[in-house]
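First comes the structure, then the notes that go with it.
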Amino acid sequence: MDKRLSSKELLELKKYRLCDEINEHFCVAELLNETYLRFFMKRLTNEIGAPSEKVAASIFIKRYAIIAVISLYAMTVWNKKLNLPLNQIYMETPKTGKDWLPNFSMKDLTVQTFDSGNRDDWREGVLTDLFANNIGTLIRMMEKTFGISSLILWENIAVYLFWLYETELVDREKDDYQFLFLTAKGNLFGCANGNPLQRYVTVKDKNSGIRMRKTCCFSYQLPAGKRCRTCPCTHLAKDGGCHDGEGICSAARGFAGEVQ
């Protein structure tokens with residue numbers, strides 16, 4: 001039976017930037033129009049001070065990854081499936097000189113609650129709507145339009161999901177985590193080459209507790225010039241920049257070769 005998210009649940013999701021209403025915003029479905037996508041990414045590039053639209057595309061997916069956090073939190077904690085077609089999601093627009101950590105709102109707050117039956121089948125429906133029909137569609141558009149590797153964009157999603165299940169939901173049942181990263185098939189993500197998250201499951205460093213990325217997200221190319229703690233290029237850095245500039249650096253290129 002379909003119901004709406006309760007006021008208490010909405011308040012809980014607010015910490016992940018889901019709001020009842022946001023002021024200046026756009027509908028995410030507009031990004032499926034290449035003309036609008038190029039217009040938006042040009043604007044975002046200027047607003048966040050990125051050196052190229054390719055870098056801005058990576059930052060966009062990092063920010064949009066919170067939608068996966070919101071959806072999977074509802075799935076794991078409440079057994080609820082959010083309604084996530086792209087034309088139901090609104091995202092706060094960027095503003096010059098401000099850190100872009102956009103809030104989101106959803107036009108339709110109805111949810112499908114799992115009460116009985118086969119939860120595995122229900123869960124596959126959650127992942128299909130979230131990834132194959134939503135995030136995966138955007139990733140394919142970004143890769144096609146701006147030439148950025150989907151390996152980078154999928155890892156941008158993966159790091160948020162590691163954080164969700166290993167920090168926010170560390171005491172929860174691990175079945176959803178195992179399924180998401182190890183068992184789920186590629187079709188649930190809209191990927192013909194298998195589960196795109198699985199390749200990022202690596203052992204954490206024993207001393208730091210950090211799981212190093214396999215690709216660079218290009219955050220260091222923003223005005224702040226800061227690298228992520230998990231950046232794989234740190235040991236390759238030279239004067240604050242990757243040896244290979246905007247391209248996939250040597251470490252990530254080797255990784256790309258492994259998965260082709």
Note the angle between two axes, namely the Cα long axis of helix 34-48 and the longest principal axis of the Cα atoms of the chain, as a number of degrees from 0 to 90, rounded to the nearest 10.
70 degrees
Nonlocal amide H pairs with HIS25, under 5 Å, H built at 1.01 Å:
THR93
Once the Cα gyration tensor of region 114-184 is diagonalised, what are the square roots of 5 times its eigenvalues, in whole Å and ordered largest first, as equivalent ellipsoid semi-axes?
26, 17, 8
Calculate, in whole percent, how much of the Cα-Cα pair population of region 1-80 lies beyond 22 Å.
40 percent
Assuming R0 = 41 Å, can you tell me the calculated FRET efficiency for the pair THR35 and ARG119, based on Cβ-Cβ distance, to the nearest 0.05?
0.50
Give me the dipole magnitude in Debye, nearest 20, for the chain about the Cα centre, with unit charges on the beta carbon: positive for Lys and Arg, negative for Asp and Glu.
620 debye
From phi via Karplus (6.51, -1.76, 1.60), per-residue ³J(HN,Hα) for region 61-66 in Hz, x at Gly/Pro
5, 4, 6, 6, 4, 5
Taking +1 at the Cβ of each Lys and Arg and -1 at the Cβ of each Asp and Glu, which of LEU37, GLY117, GLN221 sits farthest along the dipole of the chain towards its positive end, judged by Cα position relative to the Cα centre?
GLN221
Computed from the beta carbon distance with a Förster radius of 25 Å, FRET efficiency for ARG140 and ASN46 to the nearest 0.05 stands at 0.50
Tell me the label-point distance for the pair THR96, GLU12, using the 7 Å Cα-to-Cβ offset, in nm and rounded to one decimal.
4.2 nm
Using alpha carbons only, how many degrees (0 to 90, rounded to 10) separate the axis of helix 136-146 from the longest principal axis of the chain?
20 degrees
For region 136-210, listing trypsin sites (Lys or Arg not before Pro) in a DSSP loop whose Cβ sees at most 14 other Cβ atoms within 10 Å gives ARG172, LYS174, LYS185, LYS204, LYS206
Provide the per-residue ³J(HN,Hα) series for region 195-209, in order, calculated from phi with Karplus coefficients 6.51, -1.76, 1.60 and θ = phi - 60°, each as a whole number of Hz, with x at glycine and proline positions.
4, x, 8, 4, 5, 9, 7, 10, 6, 6, 5, 5, 7, 8, x
In degrees, nearest 10, the alpha-carbon axis of helix 150-163 is tilted away from the dominant principal axis of the alpha carbons of the chain by 60 degrees
For region 110-127, in order, what is each residue's ³J(HN,Hα) by Karplus, 6.51 cos²θ - 1.76 cosθ + 1.60 with θ = phi - 60°, in whole Hz (x at glycine and Pro)?
6, 10, 9, 8, 7, 10, 7, x, 8, 5, 4, 5, 4, 5, 4, x, 4, 5
Under the rule of at least 5 residues apart or a separate chain, name every residue whose amide H is placed under 5 Å from the amide H of CYS228.
TYR220
If R₀ is 22 angstrom, what is the calculated FRET efficiency for the pair CYS19 and ASN79, using the beta carbon separation as r and rounding to 0.05?
0.40
Going by Cα centres, region 153-176 and region 1-50 are how many Å apart?
21 Å
Convex hull over the Cα atoms of region 2-209, averaged projected area in nm²?
12.3 nm²
Amide H to amide H under 5 Å from THR113: which residues, 5+ apart in sequence or cross-chain, H placed 1.01 Å off N in plane?
LYS3, LYS81
If I model a spin label as a point 7 Å beyond the Cα along the Cα-Cβ vector, how far apart are those points for ASN133 and VAL203 in nm?
4.0 nm
Ranking request for peptides 50-56, 190-196, 213-219, 78-84: highest mean number of other beta-carbon atoms within 10 Å first, then the rest in descending order.
213-219, 50-56, 78-84, 190-196
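Each reported figure results from applying straightforward, stated rules to the coordinates on display, with no laboratory input. No experiment lies behind these values; they were computed from the predicted model shown. Heads up, the Cβs are rebuilt from the backbone with ideal geometry, glycines too, and the neighbour counts pull from every protein chain shown.
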